[in-house]
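First the structure, then my questions, so here it is.
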């Protein structure tokens, strides 16, 4: 029943994504232009700008990275239709349907706290802070499934260097947008909104931690955390907070949304660890989306060489 | 009778819709990114729904006094068993792929699986003794006592669901509320019956009838819905304390 039925459309006949998107953009823009002409209104610059922030618009000048994995990428369709984004409902299929209400422009990210150069960034300015790279990372969800996702973004440490943390800055606290009008899931108190996540300074400085603004070479779709999100591939997926509006540098370890919801189940560190089970289920194996058999979960999601040193001497059973 | 047979056939087919839906989804490769999760969730959900439907037959029969409703109970119960079998098979085959060690560990270590597995095991004797022959062999009373295991199984099913969700308790709590309503009805009936027995030991049967149905109960309440009939009964009962010794 799970054997994939061969598609009756030949691969050569499928319109490639770019052409398809260009066609859509053409249709949208020409119809918008026609409407503008018909109504007698033309907003200067409007047509040119509209494409820029749209999910699916191709991002230019994206560099490859040696930190990418060569594993088979999870299809775009699955990455964008199977999401845990409780701000748009707790069902995995609802963010794709309900996140259209999220308005990603204009968007600002306040960078503040124990730093010399606090600033409220416009997201388009923030995106240009550092050259964009493609980072193909494994993503392991705490629920026991995983994907391989080609993110586009740049290292978080690029931003950290710019804002110059003071000696008091020991942790970073990230906050998601809180707006129940745009995020209908926030109308129910499933979690203590807004969503909060955190990293220790040395974790945040690790080259693997990125701020992502794209997926598959194009602007991030809303359901994947547009316009800007964190990706920390050696930690369970929920650490990689989406739709960030504030990054605060703090002295004390922040209380994260999931820690508040269930402190015995979701720790601050939440590193992928096959030896430390979730209190209610095993973390030893995972199902890679698209695969039938479960595979073994790797220590630090396979990034041990890059990050194991951060946790030297720590008992990961206590600091789960 | 013929009419009932037709209804039975229709209900039987309706009960197969969830399976057909899943089967079609699997055949057309349309079950989303994580088909095994969808199959597990769906079969689990329908097990719970069928357990609740089965448990609502008796209360519904008592309220509406449509005695023939009981004729569907066995079939509905067996459909609950059918879906729990699919749910369990999905777990051991598609999810764990017959990894007996992992399954054993899960059942012992994971409370939500322990509870879910127990609920499944509890339903097995009920399915086995669902035939007419087995009812006769056991005797109605013993059969009925045995089949009260469904209460435990349904409670276990709701707890299983409640313990597996991450943060959003809404859906398991809805199932829990419906189950509490259905079990509460039985407790109310049972409490009332013990009172009746107490009363019966002191009074004549005619008094009992008056106590139960009230003195001035109209005999043909066609214009009343079954629900308001029930209410009427309650009012009659409320008035009884005046005449009681």
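The values are calculated or read from the model by the stated rules, or taken from the named source; none is laboratory data. Since the structure is predicted, the reported quantities are computational estimates derived from the model, not experimental observations. With ideal geometry, Cβ positions are generated from the backbone for all residues, glycine too; neighbour counts draw on all protein chains shown.
Quick one: which residue in B:182, B:138, B:126 is away from every other protein chain (no Cβ under 14 Å), surrounded by 12 or more Cβ atoms within 10 Å (Cβ to Cβ), under 24 Å from residue B:72 (Cβ atoms) and modelled with pLDDT under 95?
Values: B:182 fails: modelled with pLDDT under 95; B:126 fails: modelled with pLDDT under 95.
After ruling out the rest, the residue left standing is B:138.
Moving on to the next point. Keeping to the stretch B:36-83, report how many residues are part of a helix (DSSP H, G or I), more than 15 Å from the chain's Cα centre (by Cα) and away from chain A (no Cβ under 14 Å).
Step one: filter the stretch B:36-83 for residues part of a helix (DSSP H, G or I), giving B:36-64, B:67-83.
Filter once more, keeping what is more than 15 Å from the chain's Cα centre (by Cα): B:36-43, B:63-64, B:67-68.
With the extra rule that they be away from chain A (no Cβ under 14 Å), the set shrinks to B:63-64, B:67-68.
Selection size over the stretch B:36-83: 4.
Here are some residues: A:211, A:199. Which one is more than 10 Å from the chain's Cα centre (by Cα), more than 14 Å from chain B (Cβ to nearest Cβ), in contact (Cβ under 8 Å) with a residue 24 or more places away in the chain and in a strand (DSSP E or B)? Show your work before the answer.
Details: A:211 fails: more than 10 Å from the chain's Cα centre (by Cα).
Exactly one of A:211, A:199 is more than 10 Å from the chain's Cα centre (by Cα), more than 14 Å from chain B (Cβ to nearest Cβ), in contact (Cβ under 8 Å) with a residue 24 or more places away in the chain and in a strand (DSSP E or B), namely A:199.
Still on this structure, please answer the following. What number goes with the only condition from (1) within 24 Å of residue A:178 (Cα to Cα); (2) loosely packed, with under 15 Cβ neighbours inside 10 Å that residue A:128 does not pass?
(1)
Could you say which residue among B:120, B:112 is closer than 28 Å to residue A:292 by Cβ, at pLDDT 90 or above, more than 11 Å from every other protein chain (Cβ to nearest Cβ) and not in a loop (DSSP other than H, G, I, E, B)? Spell out the reasoning first.
Details: B:112 fails: more than 11 Å from every other protein chain (Cβ to nearest Cβ).
Result: B:120 is the single residue among B:120, B:112 that is closer than 28 Å to residue A:292 by Cβ, at pLDDT 90 or above, more than 11 Å from every other protein chain (Cβ to nearest Cβ) and not in a loop (DSSP other than H, G, I, E, B).
In the stretch A:234-255, how many residues are under 13 Å from the mean Cα position of the chain (by Cα) and either over 20 Å from residue A:127 (Cα atoms) or within 14 Å of another protein chain (Cβ to nearest Cβ) (or both)?
5
Okay, moving on. Could you list, in sequence order, all residues of the stretch A:285-298 that are facing another protein chain (nearest Cβ under 9 Å), under 14 Å from residue A:71 (Cα atoms) and not in a loop (DSSP other than H, G, I, E, B)?
If we filter the stretch A:285-298 for residues that are facing another protein chain (nearest Cβ under 9 Å), which is where we start, we get A:285, A:287, A:289-290, A:292-294.
Subset that is under 14 Å from residue A:71 (Cα atoms): A:289-290.
Once the filter is applied, which keeps residues that are facing another protein chain (nearest Cβ under 9 Å), under 14 Å from residue A:71 (Cα atoms) and not in a loop (DSSP other than H, G, I, E, B), the stretch A:285-298 yields nothing.
If I go through the stretch A:284-311 residue by residue, how many of them are within 29 Å of residue A:205 (Cβ to Cβ) and at pLDDT below 95?
Here the count works out to 0.
What number of residues in the stretch A:59-109 are assigned to a helix (DSSP H, G or I) and within 14 Å of another protein chain (Cβ to nearest Cβ)? Can you show your working first?
At the first step, the residues of the stretch A:59-109 found to be assigned to a helix (DSSP H, G or I) are A:76-79, A:86-88, A:94-101.
Still in the running and within 14 Å of another protein chain (Cβ to nearest Cβ): A:76-79, A:86-88, A:94-97.
Counting residues in the stretch A:59-109 that are assigned to a helix (DSSP H, G or I) and within 14 Å of another protein chain (Cβ to nearest Cβ) gives 11.
Can you report the number of residues in the stretch B:84-102 which are more than 14 Å from chain A (Cβ to nearest Cβ) and modelled with pLDDT of 95 or more?
Total satisfying the criteria: 4.
Moving on. Is it fair to say residue B:105 is within 14 Å of the chain's Cα centre (by Cα), within 14 Å of chain A (Cβ to nearest Cβ) and part of a helix (DSSP H, G or I)? Can you show your working first?
On the way: within 14 Å of the chain's Cα centre (by Cα): no; within 14 Å of chain A (Cβ to nearest Cβ): yes; part of a helix (DSSP H, G or I): yes.
So residue B:105 fails the test.
For the stretch A:162-191: of the residues being under 21 Å from residue A:212 (Cβ atoms) and more than 21 Å from the chain's Cα centre (by Cα), which is surrounded by the fewest Cβ atoms within 10 Å (Cβ to Cβ)?
Among residues in the stretch A:162-191 that are under 21 Å from residue A:212 (Cβ atoms) and more than 21 Å from the chain's Cα centre (by Cα), the one surrounded by the fewest Cβ atoms within 10 Å (Cβ to Cβ) is A:162.
Restricting attention to the stretch B:22-35, and to residues there that are touching a helix residue (DSSP H, G or I) at 6+ places or on another chain (Cβ under 8 Å) and part of a helix (DSSP H, G or I), which single residue is modelled with the lowest pLDDT?
Checked the stretch B:22-35; the qualifying residue modelled with the lowest pLDDT is B:26.
So which residues in the stretch A:256-284 are within 20 Å of the chain's Cα centre (by Cα), assigned to a loop (DSSP other than H, G, I, E, B) and closer than 23 Å to residue A:194 by Cβ, if there are any at all? First the steps, then the outcome.
In the first step, residues of the stretch A:256-284 are kept if they are within 20 Å of the chain's Cα centre (by Cα); the result is A:256-259, A:266-272.
Keeping just the survivors that are assigned to a loop (DSSP other than H, G, I, E, B) gives A:256, A:266-270, A:272.
A:256, A:266, A:267, A:268, A:269, A:270 - these are the residues of the stretch A:256-284 that are within 20 Å of the chain's Cα centre (by Cα), assigned to a loop (DSSP other than H, G, I, E, B) and closer than 23 Å to residue A:194 by Cβ.
Could you tell me whether the stretch A:197-210 includes any residue that is in contact with a helix residue (DSSP H, G or I) (Cβ under 9 Å, 6 or more places away or on another chain) and farther than 26 Å from residue A:308 by Cβ?
no
Taking the criterion of being without any contact (Cβ under 8 Å) to a residue 40 or more places away in the chain, away from every other protein chain (no Cβ under 14 Å), in contact with a helix residue (DSSP H, G or I) (Cβ under 8 Å, 6 or more places away or on another chain) and not in a strand (DSSP E or B), would at least one residue in the stretch A:123-136 satisfy it? Give the steps one after another, and end with the answer.
So in the stretch A:123-136, the residues without any contact (Cβ under 8 Å) to a residue 40 or more places away in the chain come out as A:125, A:128-130.
Next, from what is left, pick out any that are away from every other protein chain (no Cβ under 14 Å): A:125, A:128-130.
After this cut, where a residue has to be in contact with a helix residue (DSSP H, G or I) (Cβ under 8 Å, 6 or more places away or on another chain) as well, the list is A:129-130.
Retained after the next criterion (residues that are not in a strand (DSSP E or B)): A:129-130.
Yes; the residues of the stretch A:123-136 include at least one that is without any contact (Cβ under 8 Å) to a residue 40 or more places away in the chain, away from every other protein chain (no Cβ under 14 Å), in contact with a helix residue (DSSP H, G or I) (Cβ under 8 Å, 6 or more places away or on another chain) and not in a strand (DSSP E or B).
What residue, of A:224, A:264, A:271, A:301, is within 14 Å of chain B (Cβ to nearest Cβ), crowded, with 21+ Cβ neighbours inside 10 Å and farther than 24 Å from residue A:114 by Cβ?
Working: A:264 fails: crowded, with 21+ Cβ neighbours inside 10 Å; A:271 fails: within 14 Å of chain B (Cβ to nearest Cβ); A:301 fails: within 14 Å of chain B (Cβ to nearest Cβ).
Just a single option satisfies the conditions, and that option is A:224.
Does at least one position in the stretch B:4-11 carry a residue that is under 24 Å from residue B:173 (Cα atoms) and away from chain A (no Cβ under 14 Å)? Spell out how you get there, then give the answer.
From the stretch B:4-11, those under 24 Å from residue B:173 (Cα atoms) are none; that's our starting set.
Checked against the condition, which is being under 24 Å from residue B:173 (Cα atoms) and away from chain A (no Cβ under 14 Å), the stretch B:4-11 yields no hits at all.
Failed condition for residue B:143, given (1) touching a residue at least 40 places away in the same chain (Cβ under 8 Å); (2) assigned to a helix (DSSP H, G or I), with all others met?
So residue B:143 meets the others, but not (1).
Yes or no, residue by residue, for (1) under 18 Å from residue B:150 (Cβ atoms); (2) in contact (Cβ under 8 Å) with a residue 60 or more places away in the chain:
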site	(1), (2)
B:5	no, no
B:9	no, no
B:20	no, no
B:28	no, no
B:33	no, no
B:46	yes, no
B:51	yes, yes
B:58	yes, yes
